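The values are calculated or read from the model by the stated rules, or taken from the named source; none is laboratory data. Predicted model only: the values in this text are computed from it and were never measured. FYI the Cβ positions are ideal-geometry reconstructions off the backbone, even for glycines, and counts take in every protein chain you see.
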């Protein structure tokens, strides 16, 4: 197969990037599962936006502080400065954020933030944003989305990317050549037994980068979300109890139903406090109570959480729910510049696959959607400015695909390589 521009991944970053590419270019998006099974659809809390210039310094400091000042200040500035334009785009695409009675946008607050600056749509903000982007992409004649298509390897030679090797739903292995390739294949949650991520997100972008010597950064920086619903059942993923619940007044209790922590601490700090309390109590969870949040606020802001808890046997209006930390987000990734270009020619990385330095060592709540969108658009702009047809080397066109036949062995190799590299870095920096 051949296309002008190839995007691997159909989350908000991949879809938004596609929408910002030239309409005359053929864009193919491939996704490992279905479009709806991307983590972008799972984002509950919301998306940050700079409300006005008076909030800039505070927003910048909150992001840097949460990231332990290991953030790239230039990246943080770009993200914040572009937040209002990004929101304008989303509103144009039909995204419906919560509004006040006078029609102005509503904002909520989450852990690590010193002010309310987070836009939201009930407790399914990611679904609202990504769903609307998907609707727009399906209307574009130049954009083709192929589901159940797995990237197996990059087609590359002399540090230049020419596309990918893929396996489709029927198991057929083939190549997709492209003049520009964009990795938007999400994080690494599928490598963990307790995660809020979809299981198919197994760090494929990181794996192929390791295989081809593409520069990586901070791939051992992995965020644990403090509050996911505890369950004894072995599930594919853990259900996340949004940061916004605590931002609106939910409190955490120990085994004696005593409050033991400031619930709005940055995620890594709060996770450590929860784990410490679990150890003290000799319990596999702590309690979260919404008793201080008005019922009408819970019903309007968190309907998805209320319903899921009900299905699991909990009435959030009258009782506490058990919560436990779980792997949630990947701050590291493929190292990119401010235009999302990797160290390999003609190869870009965006979204959770990429590391541009915005998040530092710990992501500030609700910066993920914004960061993904801002730098996805920058990648699209750079490609639009520099696009040129790429002649595919004869050797890649006649590539022997038999080595990719054993998909299970290849997947295990990739998984082991990623986990081994993370472990090596953790040992190196202890």
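I'd like to know if the stretch 276-298 contains one or more residues that are surrounded by fewer than 21 Cβ atoms within 10 Å (Cβ to Cβ), out of contact with any helix residue (DSSP H, G or I) (no Cβ under 9 Å at 6 or more places or on another chain), touching a residue at least 60 places away in the same chain (Cβ under 8 Å) and not in a helix (DSSP H, G or I). No, because not a single residue in the stretch 276-298 is surrounded by fewer than 21 Cβ atoms within 10 Å (Cβ to Cβ), out of contact with any helix residue (DSSP H, G or I) (no Cβ under 9 Å at 6 or more places or on another chain), touching a residue at least 60 places away in the same chain (Cβ under 8 Å) and not in a helix (DSSP H, G or I). Of the residues making up the stretch 380-390, at least one is touching a helix residue (DSSP H, G or I) at 6+ places or on another chain (Cβ under 6 Å) and surrounded by 24 or more Cβ atoms within 10 Å (Cβ to Cβ).
The lone criterion from (1) buried (at least 20 other Cβ atoms within 10 Å of the Cβ); (2) modelled with pLDDT of 95 or more; (3) touching a strand residue (DSSP E or B) at 6+ places or on another chain (Cβ under 8 Å) left unmet by residue 133 is number (3). Any chance the stretch 401-422 includes a residue that's assigned by TED's automatic domain parsing to the domain that holds residue 82, buried (at least 17 other Cβ atoms within 10 Å of the Cβ), at positive phi and in contact (Cβ under 8 Å) with a residue 40 or more places away in the chain? Checked against the condition, which is being assigned by TED's automatic domain parsing to the domain that holds residue 82, buried (at least 17 other Cβ atoms within 10 Å of the Cβ), at positive phi and in contact (Cβ under 8 Å) with a residue 40 or more places away in the chain, the stretch 401-422 yields no hits at all. Can you spot a residue in the stretch 9-23 that is crowded, with 24+ Cβ neighbours inside 10 Å, in contact with a strand residue (DSSP E or B) (Cβ under 6 Å, 6 or more places away or on another chain), at pLDDT 95 or above and outside any helix (DSSP H, G or I)? For the stretch 9-23, residues crowded, with 24+ Cβ neighbours inside 10 Å, in contact with a strand residue (DSSP E or B) (Cβ under 6 Å, 6 or more places away or on another chain), at pLDDT 95 or above and outside any helix (DSSP H, G or I): present.
Among the residues of the stretch 30-48, those that are under 24 Å from residue 302 (Cα atoms) and either buried (at least 24 other Cβ atoms within 10 Å of the Cβ) or modelled with pLDDT under 90 (or both) comprise 38, 39, 40, 42, 43, 44, 45, 46, 47, 48. Against the criterion of being more than 17 Å from the chain's Cα centre (by Cα) and either farther than 21 Å from residue 64 by Cα or surrounded by 21 or more Cβ atoms within 10 Å (Cβ to Cβ) (or both), residue 267 does not qualify.
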